[in-house]
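The values are calculated or read from the model by the stated rules, or taken from the named source; none is laboratory data. Here the structure is a predicted model, which is why all the values come from computation and not from measurement. Positions of Cβ are generated from backbone atoms using ideal geometry, with glycine treated the same way; all protein chains shown enter the neighbour counts.
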Amino acid sequence: MLTPEEIEMFKNKLLDRRVQIEKNLTGTTLELNEMRSLELNDEGDYAAASAESVVDSAILEQQRKELAEIDLALDKIKNGTYGICEMCEEPIGKARLEVKNFARFCITCREINEKEQQQ
């Protein structure tokens with residue numbers, strides 16, 4: 001089990017990452033809006049801008065998903081369930097939480113979950 005100090009450390013990491021993602025989302029959204037307002041001179045300009053927009057949209061979507069995971073982890077900290085696997089209800093290893101602060105599953109259950117999603 002995690003100590004109160006470790007939980008506080010993970011909470012601060014989650015909050016820091018949340019602030020960073022919110023800045024990224026705001027900045028990328030502004031860039032996309034600016035790009036939409038540009039007058040594109042030819043098909044090459046349009047194709048380049050369009051390709052960049054697709055990449056930016058994918059990044060935005062990934063960051064929105066991560067933000068949702070962070071919010072869920074912060075709720076778990078409030079509820080006292082942070083660091084507990086959602087499948088087997090065993091503690092998630094500290095090393096795993098170090099790598100992925102918002103992990104919802106222990107490593108074994110994560111592999112089971114990923115296999116089920118691939119089918």
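Summary table below
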quantity	calculated
Subset of the stretch 82-95 (residues that are closer than 11 Å to Leu2 by Cβ, under 19 Å from the mean Cα position of the chain (by Cα) and not aromatic (Phe, Trp, Tyr))	Gly83, Ile84, Ile92, Lys94
Matching residues in the stretch 62-102 - criterion: being touching a residue at least 12 places away in the same chain (Cβ under 8 Å) and not in a helix (DSSP H, G or I)	Tyr82, Gly83, Cys85, Glu86, Met87, Cys88, Glu90, Pro91, Ile92, Gly93, Asn101, Phe102
Residue in the stretch 41-74 that is nearest to Arg104 (Cα to Cα), counting only those that are small (Gly, Ala, Ser) and at pLDDT 85 or above	Ala73
Residues located in the stretch 103-119, provided they are free of Cβ contacts under 8 Å to residues at least 12 places away in the same chain, in a helix (DSSP H, G or I) and surrounded by fewer than 13 Cβ atoms within 10 Å (Cβ to Cβ)	Glu111, Glu114, Lys115, Glu116, Gln117, Gln118
